[in-house]
Each structure stands twice: as C-alpha cells, then as structure tokens.
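Take a look at the structure set out below.
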Amino acid sequence: GESVGLHLPTLSVQEGDNSIINCAYSNSASDYFIWYKQESGKGPQFIIDIRSNMDKRQGQRVTVLLNKTVKHLSLQIAATQPGDSAVYFCAENNQGGKLIFGQGTELSVKP
Amino acid sequence: SAVISQKPSRDICQRGTSLTIQCQVDSQVTMMFWYRQQPGQSLTLIATANQGSEATYESGFVIDKFPISRPNLTFSTLTVSNMSPEDSSIYLCSVEGLAGDEQYFGPGTRLTVT
C-alpha cells in the first residue's frame, strides 16, 4: 500500500523577523554538525557548520549555536526573507565519517 | 564547493524494472555517498561509494537491490533494481568537501515507481 510521509514540523515567521530552528541530536560522541537548506525540487544546500569545540559560529545572516550538555543545535536566521522559505535539516557526523540527518523543519516566511 | 550533477533528474518507472542513476563531479573526490529521501522525510544514507572496491552499505540496504559503481574519482552510479512503488523517493549523491567532514549534494533524482 501507499506509505504516508511524516508531517514535518513547521515554523511560520513574518518577513523581517528572526527565525530560530531547533534540532536535537542523538550521539554525544558526534563532533561535527551541519545545517542544510533544501528548497522544493532541489538537493540540500550547505549553510553553516560547527565543530564540537565551539558553541557558536556566525555566517552571513545565520548563526549556529551548539549546546553539548543537552545535545541541542539551533540555527538562527536574521531578518528572514521570502527566499529563506525551505526545509532545514541538521546533520551530525558521528566520527564515522557518516552524516545522520534530523527530521527537518519547514520554514514558511509570510510577506 | 564541487559542482555535482545527476542524471536523470526524474523518471517514472514500472515496477519490476531497474533504473541507473549517474552522479558526476567536476573535480576528483575521495568520498562519494548515496542517500535516499522518501516523500516528506529526511535523508537516509544508503552506502558509501568506494573507488576501486565494493561499496559499503548501511543497515537495511543491500548490494543486490542497490548496486553501486565507482569507476573513478569523479563518477558513480546507483542502480535501483527490481523496483516497487516503495522505492519511489528522491535519490541523492553527495561528495565530501575539502575539509573532509562536510558534504555537498547533487540536485537529486526524483523516482516514481508505478
């Protein structure tokens, strides 16, 4: 029979506001994390990464925060724009060279 | 980052047939990976494509169903064999970046099996 896909968590923000997307990771031994943006019909696009020896890293309009104590990762997008609408995935590298992806969050930006 | 292309971009196939997906990179890379993304879901690693040796498959994926070739450092293929509707997914290849930890993805191949 037909399989039913999981309903992704959705975040809806007003254009110009800041967005915060959260992710919980599973492996306390993971030492490297990446945020990806996936627009409809496209492959995941690398946004920003962070290593476990850091707790914050900033890029252009984006900031990633890492809290190893509670195994939590967040992506902050400043001044969110309609072009930021996409599904955002966090991924952890579990020291085996393999990426394990989170479930994803769908960001919707209202003009 | 490397420029990655995939062929075909999409296809509709009948059950019981096989489809081979190509992944081409514009520069030599050591590590190439194949992922599956089922409708509305996240990405799951199928296997690591090793140049000059057999691919390394993740739990739940087998060579008979997903044979992989890696003839050189810029090219790999993934075959989805004896397809069923449950194989309808986006199939993505990725390559490691210069730092060795990050991965960059191709545009994906959207497969529908009827």
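None of the figures in this text is laboratory data; all of them are computed from the coordinates on show. This one's a predicted model, so the numbers in the text were calculated from it and none came from an experiment. So basically every Cβ, Gly included, is an ideal-geometry build from the backbone, and we count neighbours across all protein chains shown.
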(request) For the range B:57-69, name all the residues that are within 14 Å of chain A (Cβ to nearest Cβ) and surrounded by 13 or more Cβ atoms within 10 Å (Cβ to Cβ). (result) B:TYR57, B:GLU58, B:PHE61
(request) Check A:TYR36, A:TYR32 and return the single one that is of a type in the set (Ser, Thr, Tyr), under 27 Å from B:ARG110 (Cβ atoms) and surrounded by 13 or more Cβ atoms within 10 Å (Cβ to Cβ). (result) A:TYR36
(request) Only one of these is within 13 Å of chain B (Cβ to nearest Cβ) and either in contact (Cβ under 8 Å) with a residue 60 or more places away in the chain or in contact with a Gly (Cβ under 6 Å, 6 or more places away or on another chain) (or both): A:VAL109, A:VAL13, A:VAL87. Name it. (result) A:VAL87
(request) Only residues in the range B:30-56 that are under 14 Å from B:PRO71 (Cα atoms) and more than 12 Å from every other protein chain (Cβ to nearest Cβ) count as the first member; pair them with residues that are surrounded by fewer than 17 Cβ atoms within 10 Å (Cβ to Cβ) and of a type outside the set (Ser, Thr, Tyr), Cβ under 6 angstrom, at least 6 apart or cross-chain, and list the lot. (result) B:GLN51/B:LEU73
(request) Test each condition in (1) touching a residue at least 60 places away in the same chain (Cβ under 8 Å); (2) away from chain B (no Cβ under 13 Å); (3) out of contact with any Leu (no Cβ under 6 Å at 6 or more places or on another chain) for A:GLN38 and report the one that comes out false. (result) (2)
